[in-house]
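The structure appears below as structure tokens.
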Amino acid sequence: MTEEEHIAEQIRRNVIITTIDKIYNWGRRSSVWPMGFGLACCAFEMICAAASRFDFARFGMEMMRPTPRQADLLIVSGTVTKKMAPQVVRLYDQMPEPKYVLAMGACAISGGPFKDTYNAVNGIDTYLPVDVYVPGCPPRPEALLEGFIKLHQMIEGQTILTSPWYRKEVEREMPVPILGPRGLVLPGEGHE
Amino acid sequence: MSREVYERLVEEFPETSLEYLEGKDPAISVKADDLFEVARHLKEKQGYDYLSAVTGVDYPDRFEVIYHLYSMKEGPGPLILKVSASKEQPEVPSLVSLWPGANFQEREVYDLMGIRFAGHPDLKRILLWEGYEGHPLRKDFPIEGYQTIGQEESS
Amino acid sequence: MQTVETRLRTETITLNMGPQHPSTHGVFRMIITLDGETIVDLEPVMGYLHRCQEKIGERNTYLQNIPYTDRLDYICSMSNNLAYVMAVEKLAQIEVPERAEYIRIIMVELTRIVNHAVAIGALLNDLGCFFTPMLYALEERERILDLFEMASGSRMMCNYMRFGGVRYDLPPGFMPELKSVVAALPDFIDEFERLLTDNEIVRIRCQGVGILPPDVAVGYSCTGPLLRASGVDYDIRKVDSYSIYDRFDFDVPLGTNYDVYDRYLVRIGEMRQSVRILEQAIEQIPEGEVSVKLPRVFKPPEGDVYHRIESPKGELGFYLVSDGSTNPYRYKIRSPTFINLIVLPELCKGHKVADVVAILGSIDIVLGEVDR
């Protein structure tokens, strides 16, 4: 092919993809279903964000599924402790693609007021890939809604061509840590 | 009020060594071997039917277990019992058969401090997981714990 | 018809109501042994939110511990603050001015109303009435959280009490807003009762379930609405008369049938009594100082104290050992919900799995306090 024909071919392919992308992403971002997974104090602000004053049903998110098999978004709200971390990672692995993680509150981002203690994990991004961080202790419901809007903008910017869940070479399953005698151990690694 | 209870206890158990400790909350100090009998007398004869709290403290020379007892019928004011245990082999008799509400509290003191309770029906860890090594609330245990993979990666 | 008894070999199943469950009020796990549909044994497993508060308490100074007490029972942050601050005041013998005492009582009673409304909403959530009573409860809670935000700057983690008083005086718009909230509360409680108390489904699922006789309750060290619904008249506000509770006129509701329905009725009764206390406090509150000047480096004298208050969930106590330095030597939290859970296996034996959820909802646990 000559260069002009090659460029025309590319443009034609991208135009089709942008229309498909637009419809695909519009459907996905208008109905993100969070998983009802509250760990600690931030969970209560999440429930308030679901209640009638700061409704998040107007974003299409009112269906909080208790089961990970039907959810799109894992809102990690609260301190993740070492005893609970294997369960969080296992729940993430059970969610079907496409899936997102939102770290809500200072404890989920970096350990919060309980950083560097013998039972708290310094942020859930040690074990899971996080897409949006919402800071605060606890963040107000309006801050959580701002986090959701950022997530929607991120979803709208994604395209099928480069999405990780349709590519075979990207590993999306996270290894589940094991409770060892002094802390958490990832499988395959020894003690340090 | 604790003074009168102390006098009555000294009359009832003349050969045990009981001490009256002054302070903002006066307490009675008991030896570990006599604890069960004294506690049973307090519950059945003196009417102390409500065990509020079981606490373990790590002093430099000994461990101490502190019991706060209340009576539902009589007035306010706790009756405090203090029992010492040695540092090498800390062991104290369990009071679960008298007050079933001591069950989880004794397990927690065992989990976090390492003090064993002789006669407890099911003494195992309650807040940390089985297989964890170490007792975190002791003074020689650092607050960051000993080894974690997460902290190595994220710092 | 005669039944023939055959020798069937049956086995029990172990069911795990795991840490992630919509009805366990947080990360709480129960290992249930079932024989058919009936429960034979139940073992609660906790520690999934153990955040090392007692060890952190030894690392911090006395003043730095106050925001950490907010995060114990995260729905009632004001009453946790009050328990800790009163324990340190007993240790260091600090006097509190009059106006500060009244402000503290107002905040704690508002917290009690918030907590009981949310507890009833959560209990009904678990029974299957998904979210409608909870929405009513959260709407009233939002009005009260606006008051907390006006006074202390934050909705949930208020960090408002200090040794010797409170942090800020009430802003000028607070009292009119408080009066309008308190005037609207009896109607809200009536509406709640109209929806729920005579509801047939609530009655069938809650009456006769989880019966706790009074001597068993006292033996298992239960406190709070759980104890009072078992007919035992023990309210620490009346027994110990801490702060200025002896100036107020209020009753203590008790239960007669010792079941889940009685615990619900006791909570409704306590909300009404809190409204009575609030009305009296609004009338009696004087002008004056709200805090006491303390030295910059705060070192209480040596010794140990134990102080307890009637928090909305039961007896919350703090045991502090001081060795004369700026940090506590031992900081122990006597948490009511951790000890109320000891009686859970006894209450659930012989019932079905659906009843476990109702019983756990009536004990009203918050995992931040269970695991500390």
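The values are calculated or read from the model by the stated rules, or taken from the named source; none is laboratory data. As the structure is a prediction and not an experimental result, all values here were calculated from the model. Neighbour counts are summed over all protein chains in view; Cβ atoms, including those assigned to glycine, are modelled from backbone coordinates with ideal geometry. Surface accessibility is based on the protein's heavy atoms, side chains included, excluding ligands, DNA and RNA. Shrake-Rupley method; radii C 1.70, N 1.55, O 1.52, S 1.80 Å.
Some observations on this one:
- With protein chains left intact and a 1.4 Å probe, residues in segment B:37-76 average 35 Å² of accessible area per residue.
- Mean separation of Cα contacts under 8 Å, 6 or more apart, over the residue count of chain A: relative contact order %: 21 percent
- Cα-derived Rg to Rh of segment A:80-163, Kirkwood definition: 1.01
- Heavy-atom surface of segment C:9-73, accessible at 1.4 Å and reported per residue (Å²): 38 Å²
- Taking the square roots of 5 times each eigenvalue of the Cα gyration tensor of chain A, largest first, gives ellipsoid semi-axes of 34, 23, 13 Å.
- Only protein heavy atoms count here, probed at 1.4 Å, and on that basis chains C and B bury about 3500 Å² of accessible area in total.
- The distance between label points at B:A118 and A:M154 comes to 5.9 nm (points 7 Å beyond Cα on the Cα→Cβ vector).
- Separation of alpha-carbon centers, segment C:149-172 and segment C:55-111, rounded to whole Å: 11 Å
- Candidate lysines - alpha carbon under 23 Å from C:K349, same-chain residues fewer than 8 apart omitted: B:K124
- Radius of gyration and maximum dimension Dmax of segment C:1-151, Cα, Å: 22.6, 77
- P(r) weight above 15 Å for segment C:201-266, C-alpha pairs, percent: 53 percent
- Segment B:33-155 shape via C-alpha gyration tensor axes, a/c threshold 1.5: prolate
- When the Cα gyration tensor is reduced to axis lengths a ≥ b ≥ c, the ratio a/c is 1.5 or higher for segment C:51-121, and with a/b not above b/c it is classed as oblate.
- Protein heavy-atom accessible surface, 1.4 Å probe, per residue over chain A: 47 Å².
- Estimated FRET transfer efficiency when R0 is 51 angstrom, pair C:E37-C:D190 (beta carbons, to 0.05): 0.85
- With the gyration tensor restricted to C-alpha atoms of the protein assembly as shown, the semi-axes of the equivalent ellipsoid amount to 45, 31, 28 Å, longest first.
- Evaluated over segment C:251-330, the Cα radius of gyration and Dmax, each in Å: 19.4, 54
- For segment B:7-91: rounded, prolate or oblate by the Cα gyration tensor [a/c cutoff 1.5]: prolate
- A compact globular protein would have a Cα radius of gyration near 2.2 N^0.38 Å; the ratio found for segment C:12-77 is 1.59.
- Relative to the longest principal axis of the Cα atoms of chain C, helix C:353-363 runs at roughly 20 degrees.
- Peptide C:231-238 has a mean shielding of 1, counted as Cβ atoms of other protein chains within 10 Å of each residue's Cβ.
- Span-rule helices in chain A, defined as complete DSSP H runs reaching 18 Å or more along the axis (Cα) with Kyte mean at least 1.0: none
- Rounded percent of accessible protein surface that carbon and sulfur make up, chain C, 1.4 Å probe: 50 percent
- Tilt relative to chain C, helix C:77-92 - C-alpha long axis, 0 to 90 degrees, to 10: 50 degrees
- DSSP finds beta bridges in segment A:36-192, and of those with both partners inside it, around 25 percent are antiparallel.
- For segment C:291-347, the spread of Cα positions along the three principal axes, ordered from largest to smallest, is 50, 25, 13 Å.
- FRET efficiency, 1/(1 + (r/R0)^6) with R0 22 Å, evaluated for A:D93 and A:T67 via beta carbons: 0.95
- Convex hull (Cα only) mean projected area of chain C, reported in nm² to one decimal: 20.8 nm²
- Unsatisfied cross-links (Cα-Cα over 19 Å) in the set A:K82/A:K115; B:K24/C:K90; A:K83/B:K139; B:K73/C:K238; B:K43/B:K82; A:K83/C:K313: A:K83/B:K139; A:K83/C:K313
- Two-site FRET efficiency, A:I17 against A:I178, from Cβ-Cβ distance with R₀ of 41 Å, rounded to 0.05: 0.45
- Distance between the modelled labels on C:L135 and B:L21, one decimal in nanometres: 5.6 nm (7 Å Cα→Cβ projection).
- Counts of other chain beta carbons within 10 angstrom of each beta carbon in peptide B:120-131 average 4.
- Between A:Y166 and A:A57, full extension at 0.36 nm per residue minus the direct alpha carbon distance yields a gain of 36.3 nm.
- In terms of packing, defined here as the mean over residues of other Cβ atoms within 10 angstrom, the peptides B:113-123, C:112-122, C:362-372 line up highest first as C:362-372, C:112-122, B:113-123.
- Per-residue average of Cβ from other chains inside 10 Å of A:115-128: 6
- Size of the A/C contact, given as accessible area buried on both chains, probe 1.4 Å, in Å²: 2900 Å²
- Between C:A183 and C:S241, the distance separating the two model label sites (each 7 Å from Cα on the Cα→Cβ line) works out to 3.4 nm.
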